[in-house]
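Below you'll find the structure, written out as C-alpha cells, and then a few comments.
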Amino acid sequence: MQVTQLNADRGWLDAPAAASVHRVDRALGRPLDINEAGRTWAQQMVFWQTYQRDGYPIALHPDTPSIHQLGNAIDTDDSDRAALLNEHGWVQTVYRGGVLVEPWHFEYDVSRDQHVNDPEPTAAIRRPEEDDMKIIRWNQHHTFAVGIEAIYHIPSPQELGELSALHGATIEVDNHSLTTTLLCHGLHWDAVDAVLRGAAFGSDGKYWSRLTAEGIAIRDNQNSTAKTLADVLATAKTVEKV
Ligand SMILES: [Zn+2]
C-alpha cells in the first residue's frame, strides 16, 4: 500500500484509489464528498469496540482487516452518483440478505475502472465550481464567490484573478445587498459565517457546499452557528482583527 493524501482535506487512500478519486472529481466538476477514506488499525479498533458494545454499526475486527485500513474504501454522501462511481471502479459492497445496507460505502476495484488509463488531472479540483457564480466584495473587506450549491471565501488576489476570468468582475455589496444576494441563492447566514471563520466543510474550511453541509448536518445533527446578519458582522469583526 502506498499511502496517498487526497486533496481538499479528505484523508488518504492507496495510490491507485486516490488517483481514481481525483479523476472522479474532474468528472463531477467538484471534489467528491468523502466522510471517511483510509483508516488506521487504532481507528478500526474503536469501531470494533463500539460494535461489540452496541451491536451497531457493523464493524470488522482490525486484524481482519477492513478495506478502509487498506486505503481502498470510502464513505460518501454522493451515493446518488453510484453509476459514475461504478464506471470509475468504485462499488457498493455491503449487502445483508440481498439488501444494500450501507449505500455510502464504496470499495475500489482497479480491474473495473474504465478510466484507469485516462491522463492525470492537470490541476486539483479545489472546490465545487458552478457555471453561474457571483463574485462579491462585502463592505470592501471580504470577497466571496456565491453560487446555488456553494460559497467560497477568496483569500488571495491570484485566486480572485482566476475566478474573475470565469465568473466576471467583482460586485461591491453592502449589508443590504449581501442579504439580497444570499436570499436569491437560497443560502443561509451560517454558510457565510463558516467560510469567514474557516470552519466550513471543504478544502480547509475555504468553501461551504450545500451537499457536504447537508450530509454533515444530517450525520452529526449540527446546529448552525450564525442566525442573522448581526452574527456574521460580529464574526467579520473578529476575523479582521486577526
Ligand atoms: Zn465504509
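The values are calculated or read from the model by the stated rules, or taken from the named source; none is laboratory data. Note that the coordinates shown come from a computational prediction; the quantities given were computed from them, not determined experimentally. Glycine gets a Cβ as well: all are built from the backbone with ideal geometry, and neighbour counts include every protein chain shown. Accessible surface areas use protein heavy atoms only, side chains included; no ligands, DNA or RNA. Shrake-Rupley method; radii C 1.70, N 1.55, O 1.52, S 1.80 Å.
For beta carbons closer than 7 Å, sequence separation of 6+ or different chains, a first residue in the range 160-176 that is within 23 Å of residue 189 (Cα to Cα) and a second that is among the small types (Gly, Ala, Ser), the qualifying pairs are 163/145; 167/145; 170/164. Looking across the range 95-107, the residues that are surrounded by fewer than 16 Cβ atoms within 10 Å (Cβ to Cβ) and touching a strand residue (DSSP E or B) at 6+ places or on another chain (Cβ under 9 Å) come down to 100, 101, 102, 103.
Taking the range 133-155 as the range and being touching a residue at least 40 places away in the same chain (Cβ under 8 Å) and under 22 Å from the mean Cα position of the chain (by Cα) as the test, the residues that pass are 134, 144, 146, 148, 149, 150, 151, 152, 153, 155.
Those strands (runs of 3 or more DSSP E) of the range 141-201 in which 3 or more residues are surrounded by 15 or more Cβ atoms within 10 Å (Cβ to Cβ) and either of a type outside the set (Gly, Ala, Ser) or not assigned by TED's automatic domain parsing to the domain that holds residue 228 (or both) occupy 142-146, 150-153.
Go through 4, 50 for me and flag whichever is farther than 23 Å from residue 210 by Cα and loosely packed, with under 15 Cβ neighbours inside 10 Å.
On the way: 4 fails: loosely packed, with under 15 Cβ neighbours inside 10 Å.
Step by step, each of 4, 50 is checked, and only 50 is farther than 23 Å from residue 210 by Cα and loosely packed, with under 15 Cβ neighbours inside 10 Å.
Would you confirm whether any residue within the range 7-29 is outside the structural domain of residue 208 (by TED's automatic domain parsing), over 16 Å from residue 113 (Cα atoms), touching a helix residue (DSSP H, G or I) at 6+ places or on another chain (Cβ under 6 Å) and surrounded by fewer than 18 Cβ atoms within 10 Å (Cβ to Cβ)? Yes; the residues of the range 7-29 include at least one that is outside the structural domain of residue 208 (by TED's automatic domain parsing), over 16 Å from residue 113 (Cα atoms), touching a helix residue (DSSP H, G or I) at 6+ places or on another chain (Cβ under 6 Å) and surrounded by fewer than 18 Cβ atoms within 10 Å (Cβ to Cβ).
Filtering the range 53-78 down to residues that are among the acidic types (Asp, Glu) and without any contact (Cβ under 8 Å) to a residue 60 or more places away in the chain, which residue is least open to solvent (accessible area, probe 1.4 Å)? Applying the filter and picking the extreme gives 75. Do we have residue 137 as among the basic types (Lys, Arg) and over 28 Å from residue 230 (Cβ atoms) here? No; evaluated as a whole, the condition is false for this residue. Residue count for the range 45-88, restricted to those that are over 20 Å from the mean Cα position of the chain (by Cα), among the small types (Gly, Ala, Ser) and away from the ligand (no atom under 12 Å from the Cβ): 1.
Does the range 132-139 include one or more residues that are loosely packed, with under 15 Cβ neighbours inside 10 Å, under 24 Å from residue 236 (Cα atoms) and more than 16 Å from the ligand (Cβ to nearest atom)?
Scanning the range 132-139, I find at least one residue that is loosely packed, with under 15 Cβ neighbours inside 10 Å, under 24 Å from residue 236 (Cα atoms) and more than 16 Å from the ligand (Cβ to nearest atom), so the answer is yes.
Can you tell me which residue within the range 93-111, out of those that are more than 14 Å from the ligand (Cβ to nearest atom) and not basic (Lys, Arg), is nearest to residue 68 (Cα to Cα)? So the residue we want is 109. One residue stands out among those in the range 79-94 that are charged (D, E, K, R) and in contact (Cβ under 8 Å) with a residue 24 or more places away in the chain: the one that is most open to solvent (accessible area, probe 1.4 Å), which is 81.
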